[in-house]
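> Take a look at this one; I'll ask things after.
Nothing in this text is a laboratory measurement; each read-out follows from the coordinates by a stated rule. This one's a predicted model, so the numbers in the text were calculated from it and none came from an experiment. Quick reminder, even Gly has a Cβ in these numbers, built from the backbone with ideal geometry, and neighbours come from all protein chains shown.
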Amino acid sequence: MAKRIFIGLELPEGSRTLLTGLDPHIPGVRWTPAAQMHLTISFLGAVEPEREEILRTVLAGIRVAPFFLPLSGVGMFGGKGPTILCAGVGNGHPHLFALHKRIQDAVFQAGFEPDLKPFHPHVTLGRIKDVPRHALRPFLQKYDQAEFDLWRVSGFVLFSSVLSREGAIHYVEGRFEF
């Protein structure tokens, strides 16, 4: 049976706890539970078990040097009516973009279509529904330039995602250390 698959970075527990504590408790903003916070590198969608095994084999060959990644600032996106509140990871982090390229190459090598959308790395903090921009402004101004954490990235994760009424629930399918 096919699973919704994506590749991403798993945040350390301390980082997830810190980000969870930022919840401004604004009606209409559904905060991401700490256990679900991550940084998506490549979303593949529905993947059959045989193709997942091929993907795992190719991903296991990715080797890059471990690097440090900051968690800094907050923002939102999603068009005229923003739908996502997020934390950033600094500006144009070269090691993260190199890892993204390696993963996209591996995805292509495994026979999948690579995600060709521009890569805008972020950690989703919450989902916004029918909240006016002015209600979010104090939160955004408070944390716009905040330096939250710095974490050592020494691998990436193959996740599956199951949609539910409460939002997507992510499961670790495999960890790949550098």
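> Let me make sure I get this right: for the range 5-54, a, b and c are the square roots of the gyration tensor eigenvalues over alpha carbons, sorted descending. Under 1.5 in a/c it's rounded, otherwise prolate if a/b > b/c, else oblate. Which is it?
Judged from the Cα gyration tensor, the range 5-54 comes out prolate (a/c at least 1.5, a/b above b/c).
> Could you work out how far the C-alpha centroid of the range 104-171 sits from that of the range 9-53, in angstrom?
The distance from the Cα centre of the range 104-171 to that of the range 9-53 comes to 6 Å.
> Using the Cα centre as the reference, give the magnitude of the dipole from point charges on the C-beta atoms of the chain (Lys, Arg: +1; Asp, Glu: -1; all else neutral), rounded to the nearest 20 debye.
Roughly 460 debye for the chain.
> Positive end of the charge dipole of the range 3-177 (Lys, Arg +1 and Asp, Glu -1 on Cβ, about the Cα centre): tell me which of ALA135, GLY167, VAL58 has its Cα farthest that way.
Of the candidates, ALA135 comes out farthest on the positive side.
> Please work out, to two decimal places, the log10 of the ratio I(q)/I(0) at q = 0.08, 0.11, 0.13, 0.15 Å⁻¹ from a Debye calculation in which every Cα of the range 1-154 carries one identical scatterer.
For the requested q values the scattering log ratios are -0.26, -0.48, -0.67, -0.86.
> Go through ALA146, ALA106, ILE7 and say which Cα lies farthest out towards the positive end of the charge dipole of the range 3-177; charges sit on Cβ, +1 for Lys and Arg, -1 for Asp and Glu.
Of ALA146, ALA106, ILE7, it is ALA146.
> For the chain, modelled as a GNM with alpha-carbon contacts under 10 angstrom, which of LEU59, LEU140, LEU39 fluctuates the most?
LEU140
> Please count, across the chain, the pairs of lysine residues with Cα atoms under 28 Å apart that sit 8 or more places apart or on different chains.
9
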